[in-house]
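Encoded as structure tokens, the structure appears first; notes follow it.
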Amino acid sequence: MSKKDAADAAGTNEQDAAAAQAGKGRPTPSRKQAQAANARPIVGSKDKTLQKEQRRQQADARERARLGMMEGDERYLTVRDRGPQRRFVRDYVDARWNIGEMLIPMMLVVLVMTFIPGIVQVISLVVIWAFVALAVLDAVFLGMRLKRILGEKFGEDRVQPGFRWYAAMRAFQFRPLRMPKPQVKRGQRPE
């Protein structure tokens, strides 16, 4: 054993002896006492009126958030929907007629047409696939136009990624079901 190791061992022994003499001044609690001291209720208060009030407050907060989101209030929007570029994309999509909006009603018509036997089934399938292709093509052209417009308005290097997908998904939804609700009328282009 080296001199250094011996000195470290002696220093440790002296510290242990000093701690043993000082003591902590009280007996070690039993496991039962320690667990009881750390016990916390898993759920909140069992007071029914307090629980009812908390539920009412949470419901009010959710309703405020829902209404704020529907109105396009930035405080209540999801991260995906926030910012001036996303607002511009939403307004641009809401101001135009989109082929994708009519996709679901068209699919319902085709579904009914498939119950008619014969050539009508084949024609209905061709029509729906042609309509899907037109809707996708419309979304591609929408993305190209938005890229140019956003680049001019906000700067080429400052355009947020994912705006094409965001615009396309909004264009494929029914106008009344879009969230946040459309803030512009059809034909009213955003500045």
Quiz item: Which condition breaks for K52 when tested against (1) under 30 Å from Q183 (Cα atoms); (2) at pLDDT 85 or above; (3) open to solvent by 80 Å² or more (accessible area, probe 1.4 Å); (4) charged (D, E, K, R)?
Solution: (1)
Exercise. Answer with yes or no whether G68 is modelled with pLDDT under 90, at positive phi and surrounded by 11 or more Cβ atoms within 10 Å (Cβ to Cβ).
Key: no
Quiz prompt | Which numbered condition G44 misses (of (1) surrounded by fewer than 10 Cβ atoms within 10 Å (Cβ to Cβ); (2) at pLDDT 90 or above) | solution = (2)
Exercise. Out of D94, D157, report the one residue that is among the charged types (D, E, K, R), over 29 Å from A65 (Cβ atoms) and within 26 Å of the chain's Cα centre (by Cα).
Key: D157
Quiz item: How many residues are among the hydroxyl-bearing types (S, T, Y) and either loosely packed, with under 13 Cβ neighbours inside 10 Å or in contact (Cβ under 8 Å) with a residue 60 or more places away in the chain (or both) if we restrict to the stretch 71-86?
Solution: 1
Exercise. Please specify each residue of the stretch 18-38 satisfying the condition of being loosely packed, with under 10 Cβ neighbours inside 10 Å, at pLDDT below 85 and among the aliphatic types (A, V, I, L, M).
Key: A18, A20, A22
Quiz item: Has the stretch 87-97 got at least one residue that is among the hydrophobic types (A, V, I, L, M, F, W, C), surrounded by fewer than 11 Cβ atoms within 10 Å (Cβ to Cβ) and either assigned to a helix (DSSP H, G or I) or touching a strand residue (DSSP E or B) at 6+ places or on another chain (Cβ under 6 Å) (or both)?
Solution: no
Quiz item: Filter the stretch 108-131 for residues that are within 32 Å of the chain's Cα centre (by Cα) and either open to solvent by 90 Å² or more (accessible area, probe 1.4 Å) or in contact (Cβ under 8 Å) with a residue 40 or more places away in the chain (or both); which is nearest to L146 (Cα to Cα)?
Solution: W129
Self-check item: Extreme residue, nearest to the chain's Cα centre (by Cα), among residues of the stretch 160-191 that are under 19 Å from R82 (Cα atoms), part of a loop (DSSP other than H, G, I, E, B) and hydrophobic (A, V, I, L, M, F, W, C)
Solution: M179
Quiz item: Got a number for residues in the stretch 42-86 being under 18 Å from F174 (Cα atoms) and not in a loop (DSSP other than H, G, I, E, B)?
Solution: 4
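The values are calculated or read from the model by the stated rules, or taken from the named source; none is laboratory data. Note that this is a predicted model, so its numbers are computed, not measured. In this analysis, Cβ positions are derived from the backbone assuming ideal geometry, glycine residues included, and neighbour counts consider all displayed protein chains. Surface areas here come from the heavy atoms of the whole protein model, side chains and all, with no ligands, DNA or RNA. Shrake-Rupley method; radii C 1.70, N 1.55, O 1.52, S 1.80 Å.
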